[in-house]
Each structure stands twice: as structure tokens, then as C-alpha cells.
Amino acid sequence: MKRRLIAVMLSIMLTLPVGVLSESTAWTCPNCNQTGNTGNFCSNCATARPSDNWKCTNCGQTGNTGNFCSNCAAARPDGSTVISEPAPPAVVNEHLEQIPGETDRVKVIPNKVDASSFIANKKNPGLWAPENAIDGNETTCWQFSSKKGLKGISWISLSFDSPQTVDEIWFKNGFWGVNDKGGDQYPINSRLKETRIDFLYNGETKYVDAQAMTLKDESRNGWQRFSFGHRENVVSVRIFPWTVYKGSSFPKDVCLSEVMLVQEAPAESAKPAQGEKATVIYDSDPSITGCNLLMKLATRSGPGTEYAEPGTFFGNNWQSQTVKVLRKSYDGSIWWVQVDFRNGSKSSYRVWTGVKRVDVDLNKVKEDQRICDCDIYPTSDTWFGPGGNYAKANISINRSAVGTIRGKENGFVDVEYWYEDDGYDGSHRIWIPESAVYNLYYGDYSGE
């Protein structure tokens, strides 16, 4: 009677749901067939307890995790109960950071950045500092002057406080910032082209293993990625801009928005990525009024000595005069500013002068920019400003021309023009009526 009762009780226990079975339920060792094991290792041969994932011996189904096959309902081969144990937490390296969208690559975090030099802004000394190249904000940048040369003279370095492994380097080339009017800062500054990097290893005193790469001239198109192979025990990586793509207005100012060192590793091994940084907008007032003169006002119709000369003004009383500043342009050697003023009781002028003649903060002056290209009818209706009260110019466009419109106001356009059969010589600029231009083209330049 007792034996029958025990058998019935055992039968009932074996039909109970898994959740009511004890975690100490015995299991059979798949290596030596030792029965009655209750721990994580076989008591006879020390083989580890079978994995929660098992293969069905009846139908071959793999990946089963319960006590019965998910395909044919056959019992788990060793007859043991699945014991779910929490997975050990992933080991996170505090020197690594996840990259959004990447599962097998992580960012190696530098604790120090240094550079050969950077351009110091008077009002904000750190505006172009090397730290901007690793701040996670693509609209800030490291900016330096190439006046002293490139090819090993200028550099930026990323260093670690302990040896790290690096496999790749990623770039966001140039300056991705915009001004408060939406003006793109990328084309006006120079960008990296041929670039070299080298490595400082733990315990060494010299950088070695120089690598060369060529960056593309592109903005806002994601990271440019370069793999240089597995490098271990790295304590610093140094980057040399070797040659550059020249900026249209600042050919000596070279910019790099972001640079990142990357390790091939699972995302789980790194701490979560930081949130995106706010976009920085660089102020550029459309005009600055009340700027004092620093000397008499010599002028040109465009930003350079090759343009027509409207005249020199305020020879005897420049100390008491002010002008409005609207635009700036760099001719490769000096800055020019477009000024607007009235010549006493006579006509007004909107013309150009060297910045040395005007007391103005160039950082607040909007860049001279192209609006569109056009064809131009012959006309003698030319002005030193947008018509109306501005001075009439003694200049004629005596045959059909092509040009670039750089300003538009009061029914007049500010055109830089040339004769197609003569080719561009950059020496003609004047205001003409809108009716004198046609075939406006707002697309990007497709020439050289």
C-alpha cells in the first residue's frame, strides 16, 4: 500500500507545471551518465550542467529552452528541469562609448586633445579650439591657419589616460556650421584633403606607423571612415593635414568639424552614447550701422583693387564720419567690406573699401555670397548702389555679358560680370536694373 502511494505521488509531481518543481531537480550528466546531479557540475566528472538550449533527439529541433521540444513535444533528453539563471551583466569599458546605429563598432574616448595651433577669436577665445573637433557637435570645429604651412607643421592629437585599442578613424571634414541667416560655412573655409596619422604606443616616446589617406570634399554626408588595421596599446593618435581643398573666402583657414577613433567591439561593451549636442548658430548681422572711419575712405566697386574706383571720400573730415557695413570678402591677401554712406548732401554710395579703413568687428559681418548666375543685356544704366538716391556710374556694359548676382534691392541687382568671349577676369562689378538680366540660374556651380 505504501509503495503504491509513493508511486502515485511521484506520478503527480512529474505532471505538475515546471514552475512548481524545485531548482534542485536532479539531472543526468551527458558525459558520464552520472544520475542524481543537482548542482551546476557533475559530481562524478565535473562536466557543466547542460545548457538551457537543447537539441531534440526525436525530431532534431534545436534551440529548445523548456522541458519539452517546441516541435514534437518530446521530453528533454536528460529528463532535467530547465533552471533559468540571470545572464551575467556585460562588462562595460568606461573608455568606450556606443555609436548610434552601430552594433560592432564603438567610439574610443580621448581624455585629452591638443593641436599645433588654432585661431583665437577676440570675443570668444575658444571658438575654434581643438576641443571642438571631439565635442560631438558637427556644427563646431577646430580651425587653424595654414600660413606657416602644412605637411607636418600643423597637427591635432587625441590622447588616452590608459592604453587603448583602435582600428579606424572617422572624419566630418571642414566646417559644418551655419550662420543665423542659414548661410553655409563649409565652402568658404579650407578643408582637409591629403591627411596623415601616426601612433604613440604605451612606453614609447616617438610616434610611429605613419598612415596616409585622402578625404573627400563633402559636407553633411555622414562620417568618412578609414580603417588602418588593429592597433593595440595606443596612448595617442596624431593627425596631420597635408594638403587642403581651398575655401572660397578663407583659403588659409583650415577646418575640421569632428574626428573619432573607433574600435571594432560589440556595442554592449561600451557605455551609452551621449545625447546630441545643440546646433551652434554663428551670428552675422545683415548690416552694422554707425561704424567709425579710421582714415579717409578710398573705395572700389568690388572687393579688390582691380575693380573700378568710385572715388576717395571724407579726406578732411573722416574723424567725424560713420558708415554702414553690409558684407565682407577676402581677396587672398586682405579683407574688404561693403560700406553704405552718403557723401554729404550729395548722392549715396554702396561700394567696397579695405577693412583697415573702418572700425568694425568682422565676426559680425555677413559673408558676400552668390545669389544666382545670369545673362546680361547691354546697358549703360549703371549705379554705385541700388538706384534711387545712389550715385550714377560712368560705366557701360557695352555688349551681352554673363554674370553672378550678389545683391538685390529696390529693383536693382549687384552683378559681378564678364564678357563670355573674353573669359572671367574678376574686375567688373556694378549695380544695374533687374530688367537688364535674364536666364537666371540658381543651381550649384558645375565648373572647375
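Remarks
- Checking each residue in region 285-298 for being buried (at least 17 other Cβ atoms within 10 Å of the Cβ) and out of contact with any helix residue (DSSP H, G or I) (no Cβ under 9 Å at 6 or more places or on another chain) picks out only Cys291.
- Tyr419 vs. criteria open to solvent by 70 Å² or more (accessible area, probe 1.4 Å), aromatic (Phe, Trp, Tyr) and at pLDDT below 90: no
- For region 242-253, a residue qualifies if it is within 20 Å of Ala210 (Cβ to Cβ) and assigned to a strand (DSSP E or B), and exactly one does: Val244.
- Some residue of region 329-337 being closer than 29 Å to Tyr186 by Cβ, more than 33 Å from the chain's Cα centre (by Cα) and assigned to a strand (DSSP E or B): no
- Of all residues in region 385-396, those that are assigned to a loop (DSSP other than H, G, I, E, B) and open to solvent by 20 Å² or more (accessible area, probe 1.4 Å) total 5.
- Residues of region 313-329 satisfying the condition of being of a type in the set (Val, Ile, Thr) and crowded, with 22+ Cβ neighbours inside 10 Å: Val323, Val325
- Of the residues examined, Ser333 is not one that is modelled with pLDDT under 95 and buried (at least 16 other Cβ atoms within 10 Å of the Cβ).
- Of all residues making up region 98-114, the number that are in contact with a Pro (Cβ under 6 Å, 6 or more places away or on another chain), buried (at least 20 other Cβ atoms within 10 Å of the Cβ) and among the aliphatic types (A, V, I, L, M): 0
- Failed item, numbered, when Arg399 is tested on (1) in a loop (DSSP other than H, G, I, E, B); (2) over 30 Å from Gly344 (Cα atoms); (3) modelled with pLDDT under 90; (4) open to solvent by 30 Å² or more (accessible area, probe 1.4 Å): (3)
- Within region 253-284, the set of residues being within 28 Å of Lys366 (Cα to Cα), open to solvent by less than 10 Å² (accessible area, probe 1.4 Å) and at pLDDT below 90 comprises just one member, Ser284.
- Selection status of Ser190, in contact with a Gly (Cβ under 9 Å, 6 or more places away or on another chain) and part of a strand (DSSP E or B): yes
- Filter result for Tyr390 (under 26 Å from Ile288 (Cα atoms), of a type in the set (Phe, Trp, Tyr) and modelled with pLDDT of 90 or more): yes
- Checking each residue of region 201-211 against the condition of being assigned to a strand (DSSP E or B), closer than 26 Å to His95 by Cα, open to solvent by less than 70 Å² (accessible area, probe 1.4 Å) and in contact (Cβ under 8 Å) with a residue 40 or more places away in the chain gives no match.
The values are calculated or read from the model by the stated rules, or taken from the named source; none is laboratory data. On a predicted model such as this, the values are computed, not experimentally measured, just so you know. Quick reminder, even Gly has a Cβ in these numbers, built from the backbone with ideal geometry, and neighbours come from all protein chains shown. We work out accessible area using only protein heavy atoms, side chains counted, and drop any ligands, DNA or RNA first. Shrake-Rupley method; radii C 1.70, N 1.55, O 1.52, S 1.80 Å.
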